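Read through the structure below, which is laid out as structure tokens, and then see the notes.
The values are calculated or read from the model by the stated rules, or taken from the named source; none is laboratory data. This is a predicted model, so every value here is computed, not measured. Cβ coordinates were reconstructed from backbone atoms using ideal geometry, including for glycine residues, and neighbour counts include every protein chain displayed. The area values use the complete protein model at the heavy-atom level, side chains included, leaving out ligands, DNA and RNA. Shrake-Rupley method; radii C 1.70, N 1.55, O 1.52, S 1.80 Å.
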Amino acid sequence: MTRQLLRLATAGSVDDGKSTLIGRLMFDTDSLPLDHLEAVTREDGVPDLAALSDGLRAEQEQGITIDVAYRFFSTDTRSYILADTPGHERYTRNMFTGASTADVAVLLVDARAGVLRQTRRHARISTLLGVEHLVAAVNKIDLVGYDEARFREVEAELQKLAHRLGGVDLTVIPLAAKDGDNVVHRSENTSWYGGPTLLEHLESIELSAPAAVPEEVRLPIQWVSRPSAGERRRYTGRLSAGTLTVGDSVVSLPSGSRSTVTALDTLDDERTVAVAPLSVSVSLADDIDIGRGDVIVSGNDSAHLPVLAREIDATVCWFGETPLRAGDRVALKHTASTVRATVQSLHSRLDPETLDEQDSPVELTLNDIGTVTLRTSSVILADPYLGNRDAGAFILIDETSNDTVGAGTIGTAREVKAGEQTRNDIKWHPSALDRAHRWSSTGQSGATVWFTGLPASGKSTVAVALERALVESGRAAYLLDGDNVRHGLSDDLGFTPGDRAENIRRVGHLTRLLADAGVIAIASLVSPLESDRAIARALNDAAGLTFVEVAVSTPLAECERRDPKGLYARARAGELKGLTGVDAPYEPPTNPDLTIDTTGADIDDLVRQVLAALPPVRAQ
């Protein structure tokens, strides 16, 4: 018979007896290897149960748990993975980690102390992480003389806590982990207690599997293997929802490319259907562009698809020593992809003493739990956490230190289209100076010149010469070079398609402002996609400003021959991924205002061609 797997995590305050309880479970279920048991048995023949899970030297010296310790035990019907998480407030991040995959959270409560601050915090984290079953183990009942009245007092406190958390499923059990009372075996010392032992309760919990219908498929890609003789490229990851089988129609997001599953491998030759949460490797009928971080979903018309989100409302537990404030930028790791994110706003902070929500906090400090809105630099394929614990969870990383500074769960995800999102909360305020009056007074009319082309095509060379020619003729002009923009205005962006689009959107807005002021704004960017360049043109067109698109059509072979930065050489050697023209697409303008080729050309002549496309200078 196949055993069910149940994952549980222990939590509670320091010295509540978590490690001892785990040791008792393993000892009384005969799950300890003999050499392990001998290593922790004292001279008097009594095993040190806490030492079975406290493996770090610092843990043994201080008598506390510092890091998450995973232990395994089993019964005739179930296998268990148990996470012993720290109780100290400083190590809340480790408790968050241990509970993130748990089906059950066991909250240790000292019968003498009752419900403490950490009890409330850990209970809230457990519910935040979607742990469906909470068990409150009122430990050290022996130290209060197995007093039923004291147990009922603590039980009432715990049920009140459960009510404050939204009426979660909470089972309260009196036990003494050191002696084994009500852990695996029923205790004669608590004859007044008629409920199950801890193990009996764990054995009775009904588990629910991830969504097993094809329409819910979620396969985040972690690794892509190169094709070999007789085999196609393979896409590997762990199914977080749904089922896959040969012949299924699938879609790769965010690209939207469609294909059909032709083969799958689950490391089980007898298995023909992959079911969440198995790891799987699939082959597709078509050679479509799929990379790490992309997600394979169902291609059925009735499929439930994730949101291609650029903005999320989330609940975050903050781990950083430096407080989190609105406007801060962090790296957001979601499934197999990492993007940059900006904190748009802080909505609330949870008071761990009262569990009340404090509105509009200034900051979140160490171990605070709060709700925030995050704007990402590129798309993440998000599901609400309550529907998918994998696709709805993320961690936050400090980009300077690479430390994990937060973890969170997605409540709502929104698609935000660059350049098309309207803002109802703010209004555009036109200048008090009429544009015609400004231009007439300065004798300068504004416009935008947008150079696009492959890397090393000569865009910047012509743009620099154009800027010089304009200034020397008495016209105000300013060059926005792609590299310079990324040193400041777009220093938070990478080179993913989403980041490139956001970079172009920002530069488009800047050219509009400069042109409105009467400056000739010169933008020199690869800007590989026509849809992104269209956003920049639309921004200027909407303001009634001249937009001149210059396609620098220098052939790829000539660009590679020049290669001043060595980018093509690195890309051909496999050292650089995503270089436009090599392994990333470039869409030449279909209807540019001017097309030039810098191969063997006279730069001054090219500048004269661009000047001819600009509107004349307005007379004073």
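I want the local charge near residue 574. Using Cβ-Cβ distances under 12 Å, sum +1 for each Lys or Arg and -1 for each Asp or Glu among the other residues.
Net of charged neighbours comes to +2.
Report the one residue of 439, 451, 199 whose Cα lies farthest in the direction of the positive end of the charge dipole of the chain (charges on C-beta: Lys and Arg +1, Asp and Glu -1; origin at the Cα centre).
439
On the full set of protein chains, 1.4 Å probe, figure out the accessible area of residue 73 and give it in Å² to the nearest 10.
Solvent-accessible area, nearest 10 Å²: 10 Å².
Just read off the accessible area of residue 535 with the full protein assembly in place, 1.4 Å probe, to the nearest 10 Å².
Surface open to solvent at residue 535 totals about 30 Å².
Put 322, 335 in order of accessible area, largest first, 1.4 Å probe: what do you get?
322, 335
Taking R0 as 41 Å, what's the FRET efficiency between residue 542 and residue 228 from their Cβ-Cβ distance, rounded to 0.05?
E between residue 542 and residue 228, to the nearest 0.05, is 0.20.
Taking a ≥ b ≥ c as the square roots of the Cα gyration tensor eigenvalues, with a/c under 1.5 meaning rounded and otherwise prolate when a/b beats b/c, else oblate, which class fits the chain?
prolate
Under a point spin-label approximation (7 Å from Cα along Cα-to-Cβ), what is the residue 305-residue 112 distance to one decimal in nm?
Placing both labels 7 Å along Cα→Cβ, they lie 6.1 nm apart.
Suppose each label sits 7 Å from its Cα in the direction of the beta carbon; what would the residue 362-residue 401 distance come out to in nanometres?
Here the answer is 2.2 nm between the modelled labels.
Once you list every other residue whose beta carbon is under 11 Å from the beta carbon of residue 520, what net charge do they have if Lys and Arg are +1 and Asp and Glu are -1?
Here the charged neighbours net out to 0.
Quick one: how many Å² of residue 321 are accessible to a 1.4 Å probe, rounded to 10?
About 120 Å², rounded to the nearest 10.
Could you work out the relative contact order of segment 177-280? I mean the mean sequence separation of Cα pairs under 8 Å and 6+ apart, divided by the number of residues, in percent.
Here the relative contact order equals 22 percent.
Figure the gain on full extension for residue 148 and residue 79 (residue separation times 0.36 nm, minus the Cα-Cα span) and round it to one decimal in nm.
Between residue 148 and residue 79, full extension yields an extra 21.6 nm.
Heavy atoms only, 1.4 Å probe, whole protein assembly: order 157, 467 by accessible area, highest first.
157, 467
Report the charge-dipole magnitude of segment 155-226 in Debye, nearest 20, computed about the Cα centre from +1 at each Lys and Arg Cβ and -1 at each Asp and Glu Cβ.
380
Take the Cβ-Cβ distance between residue 355 and residue 191 as r, set R0 to 30 Å, and report the resulting FRET efficiency rounded to the nearest 0.05.
Plugging the Cβ-Cβ distance into 1/(1 + (r/R0)^6) gives 0.30.
Less than 12 Å Cβ to Cβ from residue 181, Lys/Arg counted +1 and Asp/Glu -1: what total charge do the surrounding residues give?
Neighbour charge sum, excluding residue 181 itself: 0.
How much length would be gained if the chain were fully extended between residue 207 and residue 468, taking 0.36 nm per residue of separation minus their Cα-Cα distance, in nm to one decimal?
Using 0.36 nm per residue and subtracting the Cα-Cα distance, I get 86.9 nm.
Using heavy-atom solvent-accessible surface (probe 1.4 Å) with all chains present, what is the largest-first order of 549, 216, 575?
Largest accessible area first, the residues go 575, 216, 549.
Using 0.36 nm times the number of residues separating residue 347 and residue 576, minus their current alpha carbon distance, what extension gain do you get?
This chain segment gains 78.4 nm when fully extended.
Taking only C-alpha pairs under 8 Å that are 6+ residues apart, what is the relative contact order of the chain in percent?
With pairs under 8 Å counted, the relative contact order is 9 percent.
Which percent of the accessible area of the chain is formed by carbon and sulfur heavy atoms (probe 1.4 angstrom)?
50
At what distance in angstrom do the alpha carbon centres of segment 317-361 and segment 469-500 lie from each other?
31
First check a/c for segment 94-196, with a ≥ b ≥ c the square roots of the eigenvalues of its C-alpha gyration tensor; if it is under 1.5, answer rounded, and if not, answer prolate when a/b is larger than b/c or oblate otherwise.
Prolate is the answer for segment 94-196, as a/c is 1.5 or above and a/b outweighs b/c.
If you count only protein heavy atoms with a 1.4 Å probe, what accessible area per residue comes out for segment 120-238, rounded to a whole Å²?
Result: 47 Å² of accessible area for each residue.
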